[in-house]
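Enquirer: Dropping a structure here in structure tokens format, bear with me for questions.
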Amino acid sequence: MRAQPVNGMIQTDHSAGVCLHLGAAGERCYRPAMIGGFCEKHDPERISRSPLALVRLAAAMLLLFALLWPLIADVVRELQRWLHK
Ligand SMILES: [Zn+2]
């Protein structure tokens, strides 16, 4: 079986082996691996672009904003004072 482009992606044949992902119980993923050693579902780059990763990023940004809020409030106050001079 040779590599065939499917849905715009190159599906490799079984020479690339199976996905390197291990489940919670240590079970191997049975899907054929792509470049990088993971299947389409477990590709780390794809996972980093998933909605869950975006939610985590948004939560981290919110936390950072909350932590820096006293500083941001000071800067805003200074700006307002400067603008209303
Ligand atoms: Zn997998």
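The numbers here are math on the coordinates, done by the rules we state, and not lab data. As the structure is a prediction and not an experimental result, all values here were calculated from the model. Using ideal geometry, Cβ is built from the backbone for each residue, glycine included, and neighbour counts are taken over all protein chains shown.
Enquirer: Would you mind computing, in nm to one decimal, how far apart the modelled labels at A60 and A25 are, each placed 7 Å from Cα along Cα→Cβ?
Expert: Label at A60, label at A25, 3.2 nm between them.
Enquirer: Amide H of V18: which non-local residues (sequence gap of 5 or more, or other chain) have their own amide H closer than 5 Å, using H built in the peptide plane?
Expert: Close amide H contacts, sequence-distant or interchain: A33.
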